[in-house]
Amino acid sequence: MNMGKKQVMYLLVIILLLGTFLRFYQLDEESFWLDEGATGLVVKKYNSAEIINNIREHGQMLPGYYYYNDDLPLYYVILRSWSYIFGFNDFSLRAFSAFFGSLALFAVFYLVKYLFDDKTALLATFLSSINLTLIWYSQEARQYSYLLFLSLLSVIFLLKS
């Protein structure tokens, strides 16, 4: 049975809505753990130039607090801008990750469709949307889902080139 484009799009929308719902559901239910607190502290304490300077000069985001070797300043710069728009609280900082976790689902669909077919892409997207590890990492104020999305984009661009 061959699925039409409309049917594929309807199923994809349903799967993306499910995955997005699971990533945003009870996003601020638990308080921050240590690394999420460090993420919040970096965003709250330093401006964009200071974030980049801390990496360059100290090799870490939070010099003077504890050893926190995290050399992804662009993530923190973008998250800082996000927090200006959506506020600085547990929900909004985690929503940044949930947003990229949801975008990653679309990237999964696109990549698998490019490599295989619509049915396989829908299945892969569905499995990714309900994957507990991907949901968990999409609900943390850390760079995991951001990096997943960028990694998927990198593979897509590599294959397209």
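Every read-out reported here was derived from the displayed coordinates using simple, explicitly stated rules and does not represent laboratory data. Remember, predicted model here, so these are calculated numbers, not experimental data. Neighbour counts run over all protein chains shown; Cβ positions are idealised from the backbone, glycine included.
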Legend entry - Dipole magnitude of the range 1-122 about its Cα centre (Cβ charges: Lys, Arg +1; Asp, Glu -1), debye to nearest 20: 560
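Taking the Cβ of Ala49 as the centre, find all other residues whose Cβ is under 15 Å away and add up their charges (Lys, Arg: +1; Asp, Glu: -1).
It works out to a net charge of +1.
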Legend entry - the chain: angle of helix 118-130 to the longest principal axis, Cα-based, in degrees nearest 10: 40
Inset, instruction - Given the options Ala98, Ala141, Ala124, state which has the largest fluctuation in a GNM of the chain using a 10 Å cut-off (strictly under) for Cα springs. - result: Ala124
Inset, instruction - Rounded to the nearest 10 degrees, what's the angle between the helix 73-86 long axis and the longest principal axis of the chain, both from Cα atoms, 0 to 90? - result: 80
Inset, instruction - Report, in degrees rounded to the nearest 10, the 0 to 90 angle that the Cα long axis of helix 34-45 makes with the longest principal axis of the chain. - result: 70
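In terms of the ratio Rg/(2.2 N^0.38 Å) built on C-alpha atoms, what value belongs to the range 85-126?
1.55
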Legend entry - Pairwise label distance in nanometres, Leu153 with Asp28, each label 7 Å out on the Cα-Cβ vector: 2.7
Legend entry - Where GluC sites (Glu not before Pro) in DSSP loops with at most 15 other Cβ within 10 Å are excluded, longest remaining stretch of the chain: 31-161
Inset, instruction - Run through every distinct alpha carbon pair of the chain and return the Kirkwood hydrodynamic radius in angstroms, one decimal place. - result: 16.9
Legend entry - Helix-derived mean residue ellipticity, 222 nm - over the chain, DSSP H n ≥ 4, -39500 (n - 2.57), to 500: -24500 deg cm²/dmol
